[in-house]
Amino acid sequence: MGLLKLRSDKERVLGAILLCNTFVNIAASSVSTGLFIELFGDSPESMIYSTLLMTAIILIYGEILPKTIAVRNAESLALSVTPVFSFLLKALKPI
């Protein structure tokens with residue numbers, strides 16, 4: 001599946017991106033919470049620290065930075081991620 005095919009199937013591409021993004025964010029937050037509970041015990045502070053840290057990380061590395069890179073390098077980035085998105089669309093098609 002090439003870039004032109006992906007462009008013609010924008011709704012499925014966006015759905016795959018949102019599904020994968022949500023999965024990664026939830027998984028990272030779960031791991032972070034587990035680590036903070038190990039470090040600070042089962043207290044409200046550990047969950048607060050984890051939430052604050054993951055909010056900053058997801059905001060910077062999951063939202064702002066990828067969009068900035070995409071805007072600055074749209075064509076080359078689109079060509080380089082086409083195989084990944086093609087695979088994801090095939091893998092997620094049943095869903």
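The values are calculated or read from the model by the stated rules, or taken from the named source; none is laboratory data. In this text, all values refer to a predicted model and were calculated from it rather than measured experimentally. Cβ atoms come from the backbone with ideal geometry, glycine included; neighbour counts cover every protein chain shown. Calculation scope for accessible area: heavy atoms of the full protein, side chains included, ligands and nucleic acids excluded. Shrake-Rupley method; radii C 1.70, N 1.55, O 1.52, S 1.80 Å.
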Hey, can you tell me all the residues within region 59-85 that are among the small types (Gly, Ala, Ser) and surrounded by 11 or more Cβ atoms within 10 Å (Cβ to Cβ)?
GLY62, ALA70, ALA78
Every residue in region 14-51 that is within 30 Å of PHE85 (Cβ to Cβ) and small (Gly, Ala, Ser), please.
GLY15, ALA16, ALA27, ALA28, SER29, SER30, SER32
Give me the pairs: first residue in region 60-77 and farther than 19 Å from CYS20 by Cα, second residue polar (S, T, N, Q) and surrounded by 11 or more Cβ atoms within 10 Å (Cβ to Cβ), beta-carbon distance under 9 Å, and six or more apart or on different chains, which are they?
none
Exactly one condition in (1) loosely packed, with under 13 Cβ neighbours inside 10 Å; (2) under 26 Å from LYS10 (Cβ atoms); (3) not hydroxyl-bearing (Ser, Thr, Tyr) is false for LEU88; which is it?
(1)
Taking region 40-58 and the residues there that are open to solvent by 70 Å² or more (accessible area, probe 1.4 Å) and touching a Ser or Thr at 6+ places or on another chain (Cβ under 7 Å), the one that is farthest from THR22 (Cα to Cα) would be PHE40
Are any residues in region 57-91 more than 28 Å from SER32 (Cβ to Cβ) and of a type in the set (Lys, Arg), and if so, which ones?
ARG72, LYS90
Can you list residue pairs whose Cβ atoms sit under 9 Å apart, with the first residue in region 23-42 being more than 14 Å from ILE57 (Cβ to Cβ) and of a type outside the set (Gly, Ala, Ser) and the second being modelled with pLDDT under 95 and loosely packed, with under 12 Cβ neighbours inside 10 Å? Count only pairs 6 or more apart in sequence or on different chains.
ILE37/SER43
